[in-house]
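Asks: This is the structure, below, for whatever I ask next.
Every read-out reported here was derived from the displayed coordinates using simple, explicitly stated rules and does not represent laboratory data. Just so you know, these numbers come straight off a predicted model, no measurement behind them. Cβ atoms come from the backbone with ideal geometry, glycine included; neighbour counts cover every protein chain shown.
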Amino acid sequence: MRCPTCGSKSYEVVNSKVEVSKTKKYNKLLLKCNDCESVYRETLTEKKPDDYRIIISEHDFSRKSHVKLYPEGQIQVGDVLDVDGVNVEITSIETKRGSRVSKSPLSEVETIWALSLDIPARVGISIDFRGRVISKKVEVDRNFEFGVGDIIKIGKFVLRIHSIKTMTRRLKKGTAAAFMVKRVYGKPLDERRSYDYDLSSKVVG
């Protein structure tokens, strides 16, 4: 903001007043130029955020809510939003045309789909007894790491992980954080075998 008298951009705020309409917020300023000491007025205008419908997934349960965002902005899959104090990650975006996209201007958004980041990650565990498969589900910290070759205990079973299916690929070696893992595949070992970690208390199904 330039001084209308001398053109300087150096000023101090003498007074400010905020006025709000249904769609906009006005910040009315009384400014004093630091160079020529002229006093002048400026008004800053900004649009108020709009409410956008958001569906938040929490494992087997989904809930509807609304999030306030500025309509001139843009969102994309992977963005993290704060909804009522809960961090959620956008997983899909539905436009007003009914299509699902990975990125969109907010002016075209109808519904946002998201995953809660404030709950444990739920990971499937498959134990292959040479064709007979036993499946379990565990809930662990989202940053907990599974590694191919890890030996784990689940209840009465001890198994070695031989592959990990993530959101994007299947791993035959390496590690992956639980929030990226869909399923862990393992083969049973002797129940008396020592193990790297015990997930028995984490089983939910």
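Asks: Give the Debye-formula value of log10 I(q)/I(0) at each listed q (0.23 Å⁻¹), with one equal scatterer per alpha carbon of region 21-132, two decimals each.
Replies: Per q value, in the given order, log10 I(q)/I(0) is -1.23.
Asks: Another question about this same structure. Say each of HIS59 and SER99 gets a label point 7 Å from the Cα, pointing the same way as Cα to Cβ; how far apart are those two points in nm?
Replies: It works out to 3.7 nm between the two label points.
Asks: Could you list which residues have their amide H under 5 Å from that of LEU117, counting only those 5 or more apart in sequence or on another chain, with H placed in the peptide plane?
Replies: For LEU117, the qualifying residues are ASN87, VAL88, GLU89.
Asks: For the chain, set up a GNM with springs between Cα atoms under 10 Å and report which of ARG160, ARG183, ARG193 has the largest fluctuation.
Replies: Comparing ARG160, ARG183, ARG193 in a Gaussian network model of the chain, the most mobile one is ARG193.
Asks: Could you work out which residue, out of VAL101, VAL20, VAL184, moves most in a Gaussian network model of the chain, that is, has the largest mean-square fluctuation with Cα springs under 10 Å?
Replies: VAL20
Asks: Comparing THR166, THR43, THR111, which has the greatest mean-square fluctuation in the GNM of the chain with Cα pairs linked when under 10 Å apart?
Replies: Taking springs between Cα atoms under 10 Å, the residue moving most is THR43.
Asks: Right, another one. Counting pairwise Cα distances across the chain, what percent come out greater than 27 angstrom?
Replies: Numbers: 11604 of 20910 pairs.
Percent of Cα pairs beyond 27 Å in the chain: 55.
Asks: Report the percentage of all Cα-Cα pairs in region 50-116 whose separation exceeds 15 Å, rounded to a whole percent. Intermediate values should be presented prior to the final figure.
Replies: Numbers: 975 of 2211 pairs.
It works out to 44 percent of all Cα pairs.
Asks: With only Lys, Arg, Asp and Glu charged, each at its Cβ (+1 for the first two, -1 for the last two), find how big the charge dipole of the chain is about the Cα centre; round to the nearest 20 debye. Working shown, then result.
Replies: Numbers: 39 positive and 28 negative charges, 202 e Å.
Around 960 debye, computed over the chain.
Asks: Let me ask something additional. Mind pulling up the Rg/Rh value for region 110-176? Radius of gyration and Kirkwood radius, both on Cα. Provide the component values of the computation, followed by the final result.
Replies: Numbers: Rg = 14.1 Å, Rh = 13.7 Å.
Expressed as Rg/Rh, it is 1.03.
Asks: Dipole magnitude of region 121-202 about its Cα centre, charges +1 at Lys/Arg Cβ and -1 at Asp/Glu Cβ only, in debye to the nearest 20?
Replies: Working: 20 positive and 9 negative charges, 88 e Å.
Its charge dipole is roughly 420 debye.
Asks: Could you give the distance between the Cα centres of region 63-114 and region 132-205, to the whole Å?
Replies: After rounding, the separation between the Cα centres reads 33 Å.
Asks: Moving on. Antiparallel versus total DSSP beta bridges in the chain: what percent is that, nearest 5? Please report the intermediate quantities before stating the final value.
Replies: Working: 69 of 80 bridges.
Antiparallel: roughly 85 percent of the beta bridges in the chain.
Asks: Among LEU115, TYR11, PRO71, whose Cα sits farthest toward the positive end of the charge dipole of region 1-119 (+1 at Cβ of Lys/Arg, -1 at Cβ of Asp/Glu, about the Cα centre)?
Replies: Of the listed residues, the answer is TYR11.
Asks: Another question about this same structure. With the dipole of the chain worked out from charges on the C-beta (+1 for Lys and Arg, -1 for Asp and Glu) around the Cα centre, which of THR43, ILE93, TYR185 lies farthest toward the positive end?
Replies: The one lying farthest along the dipole's positive direction is TYR185.
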